[in-house]
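Enquirer: Got a structure for you, written out below as structure tokens; questions coming shortly.
The values are calculated or read from the model by the stated rules, or taken from the named source; none is laboratory data. This one's a predicted model, so the numbers in the text were calculated from it and none came from an experiment. Don't worry about glycine lacking a Cβ; one is built from the backbone with ideal geometry, like all the others, and counts go over all protein chains shown. The protein model used for the area step is the full one, side chains on, heavy atoms only, and it has no ligands, DNA or RNA in it. Shrake-Rupley method; radii C 1.70, N 1.55, O 1.52, S 1.80 Å.
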Amino acid sequence: DAARANREGVTADLAYMKRTSPLDYYGMYLAHNYQFLAYAAAMEGRKAEALEAARKMRDLLPAEMLLTMPGLDWYISEVYSTMIRFGQWDAILAEPAPDPRLKMLTAGYLYARSMAFAATGKANDAKAALTQLEALAKDTPPDAGAGLNVAGDIFGVAVLVARAHVAQADGKIDDAIARLREAVMKEDTLAYDEPADWFVPVR
């Protein structure tokens, strides 16, 4: 139902935008339809549709627009989360680095790279990406925005999940499970959003 509703929303918005020049912020509504479609399609296992929707959302919101709305760039990191959902590790590692001014998008990028390196057996590279993610978390005000959450809470989940996968890559399974249990508890405290601000449920 969610996927169908947002496909129809995309179709309606595109038709509307062909017939008129909407206010400059209207593109955010279309972007939200794509965002929600990516989330719903990913939950259905529809990889191609989910990735296409995530990329179209990202294309609609250029860096200069996002810089005027700090924290909304976390939504754009959904493209990395979609690739994580489908285990597209090589594709993640081939992604260019985002504009470093977009802190939460960069966080999503570093998180995805740490996950990809860990999944492909490159533990040292995974640790290096994790170290960068931890440094970014330290340098970002904890109350900065991240979707409908604050950056500190999103970083809290991301760092723990990345640490778990690095531990798993090192063969430290008990440590990995412990970090994931912590991450589940952190995720449970996140503010409600539609779709959820944490794309792949830690559980």
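Enquirer: Limited to the stretch 135-150, what total is found for residues that are β-branched (V, I, T) and either over 17 Å from L190 (Cα atoms) or open to solvent by less than 20 Å² (accessible area, probe 1.4 Å) (or both)?
Expert: 1
Enquirer: Of D125, D153, which residue is under 17 Å from A91 (Cα atoms), open to solvent by 30 Å² or more (accessible area, probe 1.4 Å) and in a helix (DSSP H, G or I)?
Expert: After applying the criteria, what remains is D125.
Enquirer: Can I ask one more? Would you mind telling me which numbered condition in (1) in contact with a Phe, Trp or Tyr (Cβ under 9 Å, 6 or more places away or on another chain); (2) at pLDDT 95 or above; (3) not in a helix (DSSP H, G or I) P22 fails?
Expert: With (1) in contact with a Phe, Trp or Tyr (Cβ under 9 Å, 6 or more places away or on another chain); (2) at pLDDT 95 or above; (3) not in a helix (DSSP H, G or I) applied to P22, the lone miss is (2).
Enquirer: Determine, yes or no, whether I154 is under 26 Å from A50 (Cβ atoms) and touching a residue at least 12 places away in the same chain (Cβ under 8 Å).
Expert: yes
Enquirer: Given the residues G45, G71, which is the only one that is on the phi > 0 side of the Ramachandran plot and either acidic (D, E) or out of contact with any strand residue (DSSP E or B) (no Cβ under 7 Å at 6 or more places or on another chain) (or both)? Reasoning before the result, please.
Expert: On the way: G71 fails: either acidic (D, E) or out of contact with any strand residue (DSSP E or B) (no Cβ under 7 Å at 6 or more places or on another chain) (or both).
Answer to the check: G45.
Enquirer: Would you mind finding the one in L72, L67, L110, L61 that is under 15 Å from the mean Cα position of the chain (by Cα) and over 22 Å from G156 (Cα atoms)?
Expert: L61
Enquirer: If you don't mind, there's one more thing I want to ask. Looking at the stretch 62-114 only, could you name the residues that are at pLDDT 95 or above, among the polar types (S, T, N, Q) and open to solvent by 40 Å² or more (accessible area, probe 1.4 Å)?
Expert: Answer for the stretch 62-114, where residues must be at pLDDT 95 or above, among the polar types (S, T, N, Q) and open to solvent by 40 Å² or more (accessible area, probe 1.4 Å): just Q88.
Enquirer: If we scan the stretch 158-165, do we find a residue that is among the charged types (D, E, K, R), open to solvent by 30 Å² or more (accessible area, probe 1.4 Å), touching a residue at least 24 places away in the same chain (Cβ under 8 Å) and assigned to a loop (DSSP other than H, G, I, E, B)?
Expert: Start the filter on the stretch 158-165 by keeping residues that are among the charged types (D, E, K, R), which leaves 163.
From the residues that got through so far, the ones that are open to solvent by 30 Å² or more (accessible area, probe 1.4 Å) too are 163.
Restricting the remaining residues to those that are touching a residue at least 24 places away in the same chain (Cβ under 8 Å) gives 163.
After this cut, where a residue has to be assigned to a loop (DSSP other than H, G, I, E, B) as well, the list is none.
No, that holds for no residue.
Enquirer: Here's a follow-up. With respect to P142, is the statement that it is modelled with pLDDT under 95, more than 14 Å from S81 (Cβ to Cβ) and of a type outside the set (D, E) true?
Expert: When the stated conditions are applied, P142 passes them.
Enquirer: Return the residues of the stretch 149-193 that are farther than 18 Å from L133 by Cα and in contact with a Phe, Trp or Tyr (Cβ under 7 Å, 6 or more places away or on another chain); say none if nothing qualifies.
Expert: Scanning the stretch 149-193 gives a single hit, L190.
Enquirer: Could you list all residues from the stretch 38-64 that are of a type in the set (D, E) and within 11 Å of T82 (Cβ to Cβ)?
Expert: Going through the stretch 38-64, the residues of a type in the set (D, E) turn out to be 44, 49, 52, 59, 64.
Result: E49, E52.
Enquirer: Scan the stretch 88-105 and tell me whether some residue there is assigned to a helix (DSSP H, G or I) and of a type in the set (S, T, N, Q).
Expert: Checked the stretch 88-105: no residue is assigned to a helix (DSSP H, G or I) and of a type in the set (S, T, N, Q).
Enquirer: So Q132 fits all but one of (1) open to solvent by 50 Å² or more (accessible area, probe 1.4 Å); (2) assigned to a helix (DSSP H, G or I); (3) farther than 21 Å from Q88 by Cβ; what number is the exception?
Expert: In the conditions (1) open to solvent by 50 Å² or more (accessible area, probe 1.4 Å); (2) assigned to a helix (DSSP H, G or I); (3) farther than 21 Å from Q88 by Cβ, Q132 misses (3) alone.
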